[in-house]
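Colleague: Okay, handing you the structure first.
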Amino acid sequence: MDVYRTEEEQVEALKRWWQENGKSIIVGLVLALVAVYGYRAWNDHQQTQGEAASNLYLDLMDAVAVNEETPNEANAATVTHLIGQLKSEFESSTYAVYAALMAAKQAVVKKDMVGAEQELQWAMDNADANSPLFLIARLRLARVIAAQGGEANAQRAIELLDSAESGAYLASFEEAKGDIYLTIGRRDEARQAYKKALDSAQGSEVQRPLLSIKIDDLAQEDS
């Protein structure tokens, strides 16, 4: 402001500058405050939702334990209700995906493979595609589809396994493919899948002795 020779000129320059820029500064400050408080409100809401989903999942675990100890229609209905509540109210949470996996397991026990398929498809659709849960749901879905019998279902299951980046679950995916190939008599492809699974499991902390047995059994039957 040294370029102005009088105090009056400085005051007039400030007034002009404020008239030209004051509104945009106020708007910018308001937007910044809205962003800050909006983020805090969203973060608080997310935390509250996470805590609610976690508590509901703990209730589900308790209900499952009670139903396993004293199985009856009332206890089973409580489990079913809590699973549905988690899926409907917290569908974007990991807890809801776990609930769907649990529902699928219960359906398999009841030999309701169609119901299990629906639950596992829901789990896949709502899980993070980069998470282990997504791959677990996909692997179980493939096995449930294949368990419904028929070459068409076997092919659906194999395509489901082939279309995923299985990563650390490669051995499990290939073993599942081998099992499915074997059910429809495609022994060569089953053997190849088992060998690929065994190779990918080398050096892993998880030992898979059953894979070697499956390969040996195929070799003995073909000899």
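Colleague: Just need a number here: residues in the stretch 68-118 that are open to solvent by 30 Å² or more (accessible area, probe 1.4 Å) and either of a type outside the set (Lys, Arg) or touching a Gly at 6+ places or on another chain (Cβ under 8 Å) (or both). Let's see the steps before the verdict.
Modeller: Here is the first cut: in the stretch 68-118, the residues open to solvent by 30 Å² or more (accessible area, probe 1.4 Å) are 68-78, 80-81, 84-85, 87-89, 91-92, 94-95, 98, 102, 105-106, 108-114, 117-118.
Those left that are additionally either of a type outside the set (Lys, Arg) or touching a Gly at 6+ places or on another chain (Cβ under 8 Å) (or both): 68-78, 80-81, 84-85, 88-89, 91-92, 94-95, 98, 102, 106, 108-109, 112-114, 117-118.
Of the residues in that region, 31 qualify.
Colleague: Could you tell me which residue of the stretch 182-205 is modelled with the lowest pLDDT, considering only residues that are assigned to a loop (DSSP other than H, G, I, E, B) and in contact with a helix residue (DSSP H, G or I) (Cβ under 8 Å, 6 or more places away or on another chain)?
Modeller: Pass one, the stretch 182-205, residues assigned to a loop (DSSP other than H, G, I, E, B): 184-186, 202-205.
Of the ones still in play, those that are also in contact with a helix residue (DSSP H, G or I) (Cβ under 8 Å, 6 or more places away or on another chain) are 184, 204.
Numbers: Ile184: 93, Ser204: 67.
Taking the candidates together, the pick is Ser204.
Colleague: Considering only residues that are of a type in the set (Ser, Thr, Tyr) and under 23 Å from the mean Cα position of the chain (by Cα), which ones fall in the stretch 61-107?
Modeller: Of the residues in the stretch 61-107, the ones of a type in the set (Ser, Thr, Tyr) are 70, 78, 80, 88, 92-95, 98.
Within the stretch 61-107, Thr80, Ser88, Ser92, Ser93, Thr94, Tyr95, Tyr98 meet the criteria.
Colleague: Same structure, new question: Could you check the stretch 165-181 and list, in sequence order, the residues that are assigned to a loop (DSSP other than H, G, I, E, B) and either basic (Lys, Arg) or open to solvent by 20 Å² or more (accessible area, probe 1.4 Å) (or both)?
Modeller: So in the stretch 165-181, the residues assigned to a loop (DSSP other than H, G, I, E, B) come out as 165-166.
Residue satisfying the conditions is Glu165 alone.
The values are calculated or read from the model by the stated rules, or taken from the named source; none is laboratory data. What you see is a predicted model, and the numbers here were worked out from it, not measured in a lab. Heads up, the Cβs are rebuilt from the backbone with ideal geometry, glycines too, and the neighbour counts pull from every protein chain shown. Accessible surface areas use protein heavy atoms only, side chains included; no ligands, DNA or RNA. Shrake-Rupley method; radii C 1.70, N 1.55, O 1.52, S 1.80 Å.
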